[in-house]
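Taking it in order: structure first as structure tokens, then the write-up.
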Amino acid sequence: MTLLQIMPDDAPDTVLLRTRDEAAIAQALRERSVSFTRWPRRTRVTPRTSSAELLDAYRNEIDELSADQGLLLVDVARLHPEEGAQWQEKAATARAKFLDEHRHSEDEVRFFAQGTGCFYLHLDDRVYAVVCEAGDLLSVPAGTRHWFDMGPVPDFCAVRFFEKEDGWVGDFTQDSVAEAFPRLDALLRAD
């Protein structure tokens, strides 16, 4: 179930709001110009589900969102647990890459088709940790400082939307703020 936890950016142990209520999550994020909605689950996604099958299952929603927001490119990003040291190294490298605060020149729009991941949005003097799960669609405005944690054992599949081919290029802030905040696994253990 989706989770929102809001903390001061200078006091990560202080929880200002923690909720799993979808309406409360949508409202809190909307107040900060971040869009959160849910799409119905159209298919069960497994490691064997192809990107084409996934995109076909959500074709109506993808086409409508793309037309409404001028999103020209759509792809699928996924990591599923596998056995062996090579996968563990790949997963650790992927996780570390996104744990540093950065921003993008266009909106970051993600639909979680399977699994879990946490977007940390650094909005003024607050950090909004948004744990996304299957069915969640999150749209973060361009220029928003943020980081992403896919967990110690990444297991997710997300549809990504872009306005242009180089839309994901990250502008890393060099701010170490992300290091102080609880990771995805700690947020989930707090229940």
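GLU133 meets each of the listed conditions (1) closer than 28 Å to ASP10 by Cβ; (2) at pLDDT 95 or above; (3) among the charged types (D, E, K, R) apart from (1). Looking at the stretch 28-38, can you tell me whether even one residue there is touching a Phe, Trp or Tyr at 6+ places or on another chain (Cβ under 9 Å) and closer than 10 Å to ALA113 by Cα? No, because not a single residue in the stretch 28-38 is touching a Phe, Trp or Tyr at 6+ places or on another chain (Cβ under 9 Å) and closer than 10 Å to ALA113 by Cα.
Return the only residue of THR49, THR2, THR37 being surrounded by 13 or more Cβ atoms within 10 Å (Cβ to Cβ) and over 29 Å from ALA142 (Cβ atoms).
Only one candidate qualifies: THR49.
Quick one: would you say PRO81 is surrounded by 20 or more Cβ atoms within 10 Å (Cβ to Cβ) and in a loop (DSSP other than H, G, I, E, B)? In short, no. Exactly one residue out of PHE119, PHE156 is of a type outside the set (Gly, Ala, Ser), within 20 Å of LEU29 (Cα to Cα) and touching a His at 6+ places or on another chain (Cβ under 9 Å): that is PHE119.
Suppose we keep only residues that are of a type in the set (S, T, N, Q) and at pLDDT 95 or above within the stretch 1-48. Which one would you say is farthest from LEU187 (Cα to Cα)? This residue is SER33.
Here ALA52 clears all of (1) of a type in the set (A, V, I, L, M, F, W, C); (2) over 22 Å from THR2 (Cβ atoms); (3) within 18 Å of the chain's Cα centre (by Cα) except the condition numbered (3).
The values are calculated or read from the model by the stated rules, or taken from the named source; none is laboratory data. Computed from a predicted structure; not experimentally measured. Here the Cβ is made from the backbone with ideal geometry for all residues, glycine too, and neighbour counts use every protein chain on show.
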